[in-house]
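Heads up: the structure comes next, in structure tokens.
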Amino acid sequence: MRQLLKLLVRLYPSAWRKRYGQEFEVLLDDVKPSLGYAADICLGAFKMQLKNSSWIQIVLLCAAAGAFLGIALSFRTPVKYESEAMFFVTAPSKISQDQIPYNLGEKALSDDTLATIIRQHNLYPNLKQQASASKAISEMRRSIHLLPTPNGAGDSATNNFVLRFDYLDPTVAKTVNDELVRAIMQASFEMGSRPTFNIRLFKMSSLPDRPLSSNRLRAISVGLIVGLFSGTALAWINRRPHTAFN
């Protein structure tokens, strides 16, 4: 840890290190290394870089820091795989396309159904260890996507839908997506007096061969954009009279 603190000193401008570097490292030998000291060194170096940099350098520095933070966060985000199935849905005339996911999902994707699937396939083991299963169910709902797609059946009463489910394991993602498709098809026959749906599956659940990458790219892009805006603001503040960073 002490070596890390001395390495972080290199973040300071070279002119500052030539003048104060040796004295600073001697001070570091007398303190107990901790993450707090590491954060203080990084913050001090950042302020010093801002004070001795042009506005372009400040913007670029913040943009690079934002992109780096986005990369770091993206690699801490679990990699997921998404399985996809597609089907036709012929609905009663009084049911609009926007209402179909709600009408099907209300019964097919109920909390009881999802809880059963979670138990059968041992999904979200970390969340299941908590006192309530509601967090695991909420996490599963965020991984389920039932969306309309362009109609290719040539029938105004027929609607195309895609069902997607993402999970850490590609095989589990496919297996669970199969379960969700069966639950939706079964629910369409159990509506009783409620409007019934005619569902025809035309694409079985896929076995994903590559992980989702959009989240990682989005995290890097957001970090870069936030860094650019932050750098511009800091450069403006730093160049105002009497407001330069000390």
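Among the candidates Asn160, Asn198, Asn215, the residue that is under 30 Å from Phe68 (Cα atoms) and at pLDDT below 90 is uniquely Asn215. Across the range 218-238, the qualifying residues are those that are loosely packed, with under 14 Cβ neighbours inside 10 Å and among the aliphatic types (A, V, I, L, M), and the one among them that is modelled with the lowest pLDDT is Ile237.
Table: residues versus (1) of a type in the set (D, E, K, R); (2) in contact with an Asp or Glu (Cβ under 6 Å, 6 or more places away or on another chain); (3) surrounded by 13 or more Cβ atoms within 10 Å (Cβ to Cβ); (4) at pLDDT 85 or above.
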position	(1), (2), (3), (4)
Ile71	no, no, yes, no
Phe75	no, no, no, no
Pro78	no, no, no, no
Glu82	yes, yes, yes, yes
Ile95	no, no, yes, no
Tyr102	no, no, no, no
Leu109	no, no, yes, yes
Ile118	no, no, yes, yes
Asn122	no, no, no, yes
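Filtering the range 19-73 to residues that are of a type outside the set (A, V, I, L, M, F, W, C) and in contact with a Ser or Thr (Cβ under 8 Å, 6 or more places away or on another chain) leaves Gly66, Gly70.
The values are calculated or read from the model by the stated rules, or taken from the named source; none is laboratory data. Because the structure is predicted, anything quoted here is derived from the model rather than measured. Glycine also receives a Cβ, built like all others from the backbone with ideal geometry; neighbour counts cover every protein chain displayed.
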